[in-house]
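The values are calculated or read from the model by the stated rules, or taken from the named source; none is laboratory data. Keep in mind the model is a prediction, meaning the values are calculated, not measured. Quick reminder, even Gly has a Cβ in these numbers, built from the backbone with ideal geometry, and neighbours come from all protein chains shown. Remember, those area values only see protein heavy atoms, side chains included, never the ligands or the DNA or RNA. Shrake-Rupley method; radii C 1.70, N 1.55, O 1.52, S 1.80 Å.
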Amino acid sequence: MSLHKPLPTAEQKGFMSGYLDALSLVERLHRLLLDVIKDEFERLGVIEVNAVQALLLFNIGDNEVTAGELKTRGYYQGSNVSYNLKKLVDMGYMHHQRCEIDRRSVRVRLTGRGRDIRNIVAGLFERHAEGLQGRGVLGADGIDQITIALRRVEHYWTDQIRYIY
């Protein structure tokens, strides 16, 4: 009986290599998304809001939410979301109001200025979707396959976190 793990097969090594490439790609795509948003805002002369804040406004949309809800939905990390929400409120892009039931909780929603930023990001995403399809980069089937695969990874990772605790 050996105390060592068996050596990985060529198939396992290939999968691991592909997995690491996919992880790297997801990370790069997120940074690129922020760069694309930043570039759009620079073109439009909007310098007050950064890309992370613009994406936050886009994701909140017409909803009224708490910072905790944004964190539990998996959109943002703890201190970052609180800091960015405070900045957006201070700059007039969001309204905030203490929750009547739980005074510790603050609910936020977009102001007119916040909706303007959200609309800029929505327009950018619409142009990109049209460009991806129009240039044949990605069609409906391709985007569905990517989304399904990424959701499977998301569920797997979520399960791994639950098992830790």
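When you work out D = kT/(6 pi eta Rh) for segment 12-165 at 10 °C and 1.306 mPa s, using the Kirkwood radius from C-alpha pairs as Rh and the Stokes-Einstein form, the result is 89 µm²/s. Among the protein heavy atoms of segment 1-151, carbon and sulfur supply 55% of the accessible surface, probe 1.4 Å, non-protein parts ignored. Indicate the gyration tensor shape class of segment 101-165 (rounded, prolate or oblate), computed on the Cα atoms with a ≥ b ≥ c the square roots of the eigenvalues: a/c under 1.5 is rounded; otherwise a/b larger than b/c is prolate and the rest oblate. Verdict is oblate for segment 101-165. Sequence gap at least 6, Cα distance under 8 Å: using those rules, report the relative contact order of segment 1-158 to the nearest whole percent. Worked out over segment 1-158, it gives 19 percent.
Relative to the Cα centre, the charge distribution of the chain, modelled as +1 at Lys and Arg Cβ and -1 at Asp and Glu Cβ, gives a dipole magnitude of about 520 debye. Placing +1 on the Cβ of every Lys and Arg and -1 on the Cβ of every Asp and Glu, with nothing else charged, gives segment 29-68 a dipole about its Cα centre of roughly 140 debye.
Toward the positive end of the charge dipole of segment 30-129, with +1 on the Cβ of Lys and Arg and -1 on the Cβ of Asp and Glu, the farthest Cα among 44, 30, 96 is that of 96. Computed with a 1.4 Å probe over protein heavy atoms only, the accessible surface of segment 1-137 comes to 71 Å² per residue. In the chain, a dipole from Cβ-located charges (positive for Lys and Arg, negative for Asp and Glu) runs towards its positive end, and of 137, 85, 60 it is 85 whose Cα lies farthest in that direction.
Partners of residue 87 within straight-line reach, counting lysines whose Cα lies under 21 Å from its Cα and excluding those fewer than 8 residues away in the same chain: 38, 71. Look at the alpha carbon pairs under 8 Å that are at least 6 residues apart: their mean separation over the length of segment 82-146 gives a relative contact order of 19 percent.
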